[in-house]
Structure formats: C-alpha cells, structure tokens
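For reference, the structure is listed below as structure tokens.
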Amino acid sequence: YLQGNSLSGTIPPPAWLHHLQRLDVSANSLEGTIPAALLATTSIGYLNVSVNYLTGTIPTNLSRLPHMRTLVASKNRLTGSVPSGLVAVKNLEVLDLWAN
C-alpha cells in the first residue's frame with residue numbers, strides 16, 4: 001500500500017511485479033496513463049489508482065484478469081468509454097470510476 005504518500009510522476013511499467021496481487025497508489029499526485037502492462041499482471045486482484053491525475057482511457061485488456069475483484073480509478077481525468085471487456089471479468093465485485 002502506497003496511498004497518501006505524495007508520490008509523483010507516472011506509474012512505472014510492472015516488469016518486476018509478475019506476481020503482484022494488490023496495488024494501492026491512491027491519493028497521490030501520479031500523472032500519465034494506467035499502464036496496460038500493469039493489467040497484464042494476471043495475478044492482480046485489487047487495484048486502486050483513485051485520487052490522482054491519471055489521464056487517457058482504461059486499458060482494454062481487463063478481460064484477461066481472472067483474479068480482479070476490485071478496480072478503483074475514481075477522481076482522475078480518465079476519458080473514453082468503459083471497456084466492454086469488463087463484463088468478462090467474472091470475479092469483479094467492485095468497479096469505481098466515479099468523477100472522471
């Protein structure tokens with residue numbers, strides 16, 4: 001958990017996060033996009049990137065995340081539509097995209 005630490009910059013590509021299960025970088029000052037490679041980490045089940053300055057769209061490869069239960073990306077500057085692949089994420093319980 002790295003929430004509320006005044007982190008800035010972009011979310012780095014997760015080359016070293018192959019077995020990442022939870023990532024919370026909420027309430028920081030992160031910019032840039034949500035890296036598609038982050039969502040290629042198929043073991044991830046919880047991702048909270050809320051309350052940052054993230055832009056762009058939600059990556060479309062969400063349907064390849066069999067363990068994703070919680071995705072929170074509220075209070076950013078995301079644009080575009082919700083990826084249709086979200087309906088294929090069978091374990092998804094929480095999806096929070098409010099205030100984008």
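Multiply the residue gap between Thr55 and Ser84 by 0.36 nm, knock off their C-alpha separation, and tell me the result in nm, one decimal place.
8.5 nm
Using the Cα centre as the reference, give the magnitude of the dipole from point charges on the C-beta atoms of the chain (Lys, Arg: +1; Asp, Glu: -1; all else neutral), rounded to the nearest 20 debye. Can you show the working numbers first?
Details: 6 positive and 4 negative charges, 29 e Å.
With Lys and Arg at +1 and Asp and Glu at -1, about 140 debye.
Counting only heavy atoms of protein chains, what accessible area per residue, in Å², does the chain have with a probe of 1.4 Å?
Result: 56 Å² per residue.
With the contact rule set at Cα under 8 Å and sequence spacing of 6 or more, what percent relative contact order holds for the chain?
On the way: 247 pairs, mean separation 23.1, N = 100.
Reported relative contact order: 23 percent.
May I ask you to compute the full-extension gain from Thr42 to Val94, defined as 0.36 nm times their residue separation minus their alpha-carbon distance, rounded to one decimal in nm?
17.0 nm
How much of the accessible area of the range 8-100, probe 1.4 Å, is carbon plus sulfur, in whole percent?
Values: 2760 of 5000 Å².
It is 55 percent, rounded to a whole number.
The values are calculated or read from the model by the stated rules, or taken from the named source; none is laboratory data. Here the structure is a predicted model, which is why all the values come from computation and not from measurement. We place every Cβ from the backbone using ideal geometry, glycine too, and count neighbours over all the protein chains shown. What goes into the accessible areas is simple: the full protein's heavy atoms, side chains included, and nothing from ligands, DNA or RNA. Shrake-Rupley method; radii C 1.70, N 1.55, O 1.52, S 1.80 Å.
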